[in-house]
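Q: A single structure is presented below for examination.
The values are calculated or read from the model by the stated rules, or taken from the named source; none is laboratory data. Owing to the predicted nature of the structure, the values given are computational and were not obtained by experimental measurement. Neighbour counts run over all protein chains shown; Cβ positions are idealised from the backbone, glycine included.
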Amino acid sequence: LTGVLDDCLCDIESIDDFNTFKIFPKIQKLQERDYFRYYKVNLKRPCPFWADDGHCSIKDCHVEPCPESKIPVGIKAGSSNKYSKAANNSKELEDCEQANKLGAVNSTLSNQSKEAFIDWARYDDSQDHFCELDDERSPDAQYVDLLLNPERYTGYKGPSAWRVWNSIYEENCFKPRSVYRPLNPLAPSRVLGLFVFFSWTGLCLEKRVFYKLISGLHASINLHLCANYLLEETWGKPRWGPNVKEFTRRFDPIETKGEGPRRLKNLYFLYLIELRALSKVAPYFERSVVDLYTGNGHEDAESKALLLDIFRDTQSFHMHFDEKSMFAGDKKGAKSLKEEFRLHFKNISRIMDCVGCDKCRLWGKLQTQGLGTALKILFSEKEIQSLPENSPSKGFQLTRQEIVALVNAFGR
């Protein structure tokens, strides 16, 4: 791929250079740190849109939850929305450590935590959320070590996977009039056919952006499946690696009737949007009240220093996407379109609970939440700029889950 991306003034070569030499090595290091490697997720939420197909029985679909004893005490103590040592009072830490010694799970909450949960429930229902968030207090929500459960091809495919993406594109996406997509594997006809026409006619900038983000997310997931594919299994030991044939099938211009390169360009566009969000949210993390607290003071300080270093790099990039060009029409129309945009995306985050493979569901939910968090940041610039230095703000706030999802989604 070469050249300038549509709807922005950025070229692919500049993104490649910037990412390869500045961002990627640092974001990789950040993802390995305790604060960012443990993600709490509920993989048992029922699909809200159709009868469950039943979970994938392939062993590589399985996600291994993290034993309670492995989770850093600062992460599991208290509310997930507290960042600093001061916010996690010592009584909660003592209770948590005592519970570990007894081999039991401490399910008690201080009054302070209960009030915080009520506060956050109110906030989560506000207009700013682009994602359906998991209830972290649910007994089905578990911590997962992302480094031990990498995103890769598990064998999950066919009608179940097709139905998820079809529901996203056909029912929840502002789609160009027609885009080449494989025909429905659920249909009885065995005649092969492809949609090959592509037209942006009548689609405004905001709707084009929405479609490109979803297409970019899809391309990212497919790329990781091709790059980390189950190549063979000998003596019960799997071997994972790049599958060029699979990559060609999904992205080659001839195999995809010209659609593959466009999918990859949409991945670059998604990168630009999440890069822009990171540059915009820097003031939130620069405050002393935000500590990325795990209970290990030395590691926490290093994690924050590395994150702030990445923010400085993102701010040095000269070809950011300008989100101010979106929703800039008449106030009433812009507000209505923004709400439509938010609800469509929220629905897509709910569809991720219909993915039949746990590992695919984990990474689908995490990357969707990461993109939803990026959108929330981009539409909250005024609130971020007016944050108080020494106290948590009610105007704009990120949960630990959103922070972890944002960093890991961008890392993907």
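Q: Across segment 253-304, what is the total count of residues that are crowded, with 16+ Cβ neighbours inside 10 Å, in contact with a helix residue (DSSP H, G or I) (Cβ under 6 Å, 6 or more places away or on another chain) and outside any helix (DSSP H, G or I)?
A: The qualifying residues number 5.
Q: Return the residue satisfying two criteria in turn: it lies in segment 321-340 and is in contact (Cβ under 8 Å) with a residue 60 or more places away in the chain and under 27 Å from ASP11 (Cβ atoms), and of such residues it is surrounded by the most Cβ atoms within 10 Å (Cβ to Cβ).
A: PHE321
Q: For segment 341-355, state whether one or more residues are surrounded by 13 or more Cβ atoms within 10 Å (Cβ to Cβ), outside any helix (DSSP H, G or I) and out of contact with any His (no Cβ under 6 Å at 6 or more places or on another chain). Please lay out each step first, then the result.
A: Keep residues of segment 341-355 that are surrounded by 13 or more Cβ atoms within 10 Å (Cβ to Cβ), which gives 341-342, 344-355.
With the extra rule that they be outside any helix (DSSP H, G or I), the set shrinks to 355.
Narrowing the set further to residues that are out of contact with any His (no Cβ under 6 Å at 6 or more places or on another chain) leaves 355.
Yes, segment 341-355 has at least one match.
Q: Regarding segment 400-412, can at least one residue be identified that is in contact with a His (Cβ under 9 Å, 6 or more places away or on another chain), outside any helix (DSSP H, G or I) and surrounded by fewer than 22 Cβ atoms within 10 Å (Cβ to Cβ)?
A: Step one: list which residues in segment 400-412 are in contact with a His (Cβ under 9 Å, 6 or more places away or on another chain), which gives 412.
Imposing the further condition that a residue be outside any helix (DSSP H, G or I) reduces the set to 412.
Then drop every residue that is not surrounded by fewer than 22 Cβ atoms within 10 Å (Cβ to Cβ), which leaves 412.
Looking through segment 400-412, at least one residue is in contact with a His (Cβ under 9 Å, 6 or more places away or on another chain), outside any helix (DSSP H, G or I) and surrounded by fewer than 22 Cβ atoms within 10 Å (Cβ to Cβ).
Q: Would you mention how many residues in segment 228-278 are of a type in the set (A, V, I, L, M), farther than 30 Å from GLU381 by Cα and touching a Lys or Arg at 6+ places or on another chain (Cβ under 8 Å)? Outline the logic, then answer.
A: Taking segment 228-278 as the starting set, the residues that turn out to be of a type in the set (A, V, I, L, M) are 230-231, 244, 254, 264, 267, 270, 272-273, 275, 277-278.
Narrowing the set further to residues that are farther than 30 Å from GLU381 by Cα leaves 230-231, 244, 254.
Add one more test, that the residue is touching a Lys or Arg at 6+ places or on another chain (Cβ under 8 Å), and what stays is 230-231.
Of the residues in segment 228-278, 2 are of a type in the set (A, V, I, L, M), farther than 30 Å from GLU381 by Cα and touching a Lys or Arg at 6+ places or on another chain (Cβ under 8 Å).
Q: Out of everything in segment 315-328 that is outside any helix (DSSP H, G or I) and out of contact with any Leu (no Cβ under 8 Å at 6 or more places or on another chain), what residue ends up being modelled with the highest pLDDT?
A: Kept after step one, since they are outside any helix (DSSP H, G or I), are these residues of segment 315-328: 317-322, 326-328.
Filter once more, so that each one left must be out of contact with any Leu (no Cβ under 8 Å at 6 or more places or on another chain): 318, 322, 328.
Numbers: HIS318: 90, ASP322: 81, ALA328: 70.
The residue in question is HIS318.
Q: Before we move on, is ARG312 modelled with pLDDT of 95 or more, surrounded by fewer than 19 Cβ atoms within 10 Å (Cβ to Cβ) and not aromatic (Phe, Trp, Tyr)?
A: On the way: modelled with pLDDT of 95 or more: yes; surrounded by fewer than 19 Cβ atoms within 10 Å (Cβ to Cβ): yes; not aromatic (Phe, Trp, Tyr): yes.
Taking the combined requirement at face value, the residue satisfies it.
Q: (1) under 29 Å from ILE168 (Cβ atoms); (2) at pLDDT 85 or above: which one isn't true of LYS22, the others all being true?
A: (1)
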